[in-house]
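Peer 1: Shown below is the structure under consideration.
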Ligand code: GLU
C-alpha cells in the first residue's frame, strides 16, 4: 500500500510550532515509507482565512525544507465536489435537512445546560417526512448512527472507544450551502487517498464523527495517530506567554531550519538518547509507534543548544549559505569584506545564532561608529599609544597578510616593549573591532585586511591622542 499523509492547515494566522511539528511527522512518515505528502489549505472559513496566512505557511514549510509531493490544494476550489457529496448523502439518507431555528437550538441548549447535560442536537428534524417551512433555507446534518460505538485503534493513543450516543448529528452544510470542516476534511482525505491521518490530540474528539461519515460514504478508514500536545516548560499549553510560537519568528531570530526541525522531531518522538539527527537519519529512524503519549515540553534553552550543535557541525559552505540572507537583511554588502566561508569558520563557535553572527561580524564589512565605551575606557588609554604606534609599523611591513606573520608581528612588538602580549593585542583589538571581544587577533586581522587594519589603527591613535591631550 502506498502511504499518503497530509498537512491541512487552516490559513488563519502564522505557522504555529505545533503545526510545524505535525507537518514534520507527516512528512517524515511519508518519506520513510516512500509515500506521498500532501499540502492542503483548509480555507473554507472565508472570514478568517487570508492569502497572507497561506503565504506564511508556505514560506515556513519551504524554509524548514518540508517539501510536499502534491498540492497545495485549496478547499475553496473544491466546493462543487463537496456539494455533490452532500447531495449524494441526502439521496442516500445518510444526511438530512434541518430547519430548526436559531431560537429553538438556543433554548434546547439552555435547557440541557440547566440539567447539566452536554449540549447536543436532539434529532428534531431527523425523521421529519413533511417538507420544511417555506422560505427557510435548511442546514444539512449528518445522520450519525445511533447505538454502538466507534473504536479507534490510534497509533499513539492505543484503543479509544466512543459511544455513538455521545455524538449528535452534526451540520455538514450551512444554510448557504457551504460545507463545514468535518465534511470537507473527510471528502478530501478520501479523494486524495490519504492512508494516515497524523494530527494533534486536539482533534481526537473529531475523529469518531469523521469515521462515521467515512463509513457512511462507504470509504475505507485511514490509520489515525494523534500527537501529544506541546506545553511550555511550566507544563501549560504552549502559548505566546512562553515566547515565540510562530516558525518564522525563529527564522527571524537566526535559528537554523535544521535545528528547529531537529528540535521539533524530538518533541514527542525519541530514538534512544540521540538528540542530533540529520534529515536523512530522521527519515530512516522515524516511527509513529515511538511517539510518546504524554505531552511534550517546548524548551527554548534546549532548542538553542541544538542550534549551537548545528552551528558548530555544519559544513562551512552550508553555514555561509544559511547566513547570507541575514547579512543582506542587515544591509551588509558581503563583497566589502572577507569571504563568508572564512568568516563563518572563525565565528561559528562564538555565536548562538545567525543574527548574533551578523551582529558580531559587522566590523568585518563596514566601519563601526563609536568604540564600545567600556572597552575604550579600559584599553584606549594614553599608555596604549606607543604599543599601537609600534604595532601599526610592524603590521605595515608584513608582506604576507596571514595569521602566522600577523601574530609574529604582534609578538615582536610585545617583546621589544617588554610587555605582556595583552598590552598590545587588546588595544589593537579595540582599535580594529570597536569592542573588547572578537575571534583571535590574528584571525581578526587576517579577515579585516591590511588597508582597513591600518586605517583603523590610525583612527584609534587619533582617539588616544585627543584623549591624552584632554586628560
Ligand atoms: N484544518 C485543520 C486544522 O488546522 C486540520 C484538521 C485535520 O488535521 O484533520 O486544525
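Nothing in this text is a laboratory measurement; each read-out follows from the coordinates by a stated rule. Keep in mind the model is a prediction, meaning the values are calculated, not measured. Note that we place each Cβ from the backbone using ideal geometry, even for glycine, and neighbour counts take in every protein chain shown.
Peer 1: Angle, helix 181-191 long axis vs. longest principal axis of the chain, Cα atoms, 0 to 90°, nearest 10?
Peer 2: It is inclined by approximately 90 degrees.
Peer 1: With a ≥ b ≥ c taken as the square roots of the eigenvalues of the C-alpha gyration tensor of the range 336-437, please select rounded if a/c is under 1.5 and otherwise prolate if a/b is larger than b/c or oblate if it is not?
Peer 2: Oblate, since a/c reaches 1.5 and b/c is not below a/b.
Peer 1: How do 116, 377 rank when sorted from fewest to most other Cβ atoms within 10 Å of their own Cβ?
Peer 2: In increasing order of surrounding Cβ atoms, one gets 116, 377.
Peer 1: Would you please put 152-165, 340-353 in order of how densely packed they are, using the mean number of other Cβ atoms within 10 angstrom per residue and starting with the highest?
Peer 2: Per-residue Cβ counts within 10 Å, averaged per peptide and sorted highest first, yield 340-353, 152-165.
Peer 1: Please work out the Kirkwood hydrodynamic radius for the range 1-73, using every pair of different C-alpha atoms, and report it in angstroms with one decimal place.
Peer 2: 12.3 Å
Peer 1: Now, a different point. Assuming a viscosity of 0.692 mPa s and a temperature of 37 °C, what translational diffusion coefficient in µm² per second does Stokes-Einstein assign to the range 368-407, Rh being the Kirkwood radius over Cα pairs?
Peer 2: Translational D for this selection: 277 µm²/s.
Peer 1: When only Cα pairs under 8 Å and 6 or more residues apart are kept, what is the percent relative contact order across the range 381-444?
Peer 2: In percent, rounded to a whole number, it is 33.
Peer 1: Still on this structure, please answer the following. Report for the chain the percent antiparallel among DSSP-assigned beta bridges with both residues inside it, nearest 5.
Peer 2: Expressed as a percentage, antiparallel bridges in the chain total about 50.
Peer 1: OK, next. Helix-only mean residue ellipticity at 222 nm, the chain, DSSP H runs n ≥ 4 weighted -39,500 (n - 2.57), per residue, nearest 500. What is it?
Peer 2: It comes out at -14500 deg cm²/dmol, rounded to the nearest 500.
Peer 1: Treating each Cα of the range 140-294 as an identical point scatterer and ignoring solvent, apply the Debye formula and state log10 I(q)/I(0) at q = 0.11, 0.15, 0.18, 0.19 Å⁻¹.
Peer 2: These q points yield log10 I(q)/I(0) values of -0.59, -0.96, -1.16, -1.21.
Peer 1: Report, in whole Å, the centroid distance computed from the Cα atoms of the range 139-218 and the range 382-400.
Peer 2: 77 Å
Peer 1: Here is a further query. Taking only Cα atoms, what is the 0 to 90° angle, nearest 10, from helix 206-216's long axis to the longest principal axis of the chain?
Peer 2: 50 degrees
Peer 1: Right, next: Measuring from label point to label point, each 7 Å out along Cα→Cβ, what is the residue 328 to residue 417 span in nm?
Peer 2: Calculated label separation equals 4.3 nm.
Peer 1: For the range 30-88, what's the relative contact order in percent, using C-alpha pairs closer than 8 Å and at least 6 residues apart?
Peer 2: Relative contact order of the range 30-88: 48 percent.
Peer 1: So how tilted is helix 421-433 from the main axis of the chain? Cα-based, degrees 0 to 90, rounded to 10.
Peer 2: In the chain, helix 421-433 runs at an angle near 60 degrees to the longest axis.
Peer 1: For 50, 453, 94, which order do you get if you count the other beta carbons within 10 Å of each Cβ and list the fewest first?
Peer 2: Ascending number of Cβ neighbours within 10 Å: 50, 94, 453.
Peer 1: Here's something else I'd like to know. Report the antiparallel proportion of the DSSP beta bridges in the range 115-245 as a percent, rounded to a multiple of 5.
Peer 2: In the range 115-245, approximately 65 percent of DSSP beta bridges are antiparallel ones.
Peer 1: By its C-alpha gyration tensor, with a ≥ b ≥ c as the square roots of the eigenvalues, how is the range 271-394 shaped: rounded for a/c under 1.5, else prolate for a/b larger than b/c, else oblate?
Peer 2: prolate
Peer 1: On alpha-carbon atoms, Rg over Rh for the range 108-197 using Kirkwood Rh?
Peer 2: In the range 108-197, Rg relative to Rh is 1.03.
Peer 1: Moving on to the next point. Quick one: if you take sqrt(5λ) for each eigenvalue of the C-alpha gyration tensor of the range 176-249, what semi-axes come out, biggest first, whole angstrom?
Peer 2: 30, 14, 12
Peer 1: What percent do you get for the relative contact order of the chain when only Cα pairs under 8 Å and 6+ apart count?
Peer 2: Once normalised by length, the contact order is 12 percent.
Peer 1: Moving on to the next point. For the chain, take every pair of Cα atoms, bin their distances at 10 Å starting from 0, and report each bin as a whole percent.
Peer 2: Distribution as computed: 4, 16, 20, 17, 13, 10, 8, 6, 4, 1, 0 percent.
Peer 1: If you don't mind, there's one more thing I want to ask. What is the Cα convex hull volume of the range 52-169 when expressed per residue in Å³?
Peer 2: Hull volume normalised by residue count: 229 Å³.
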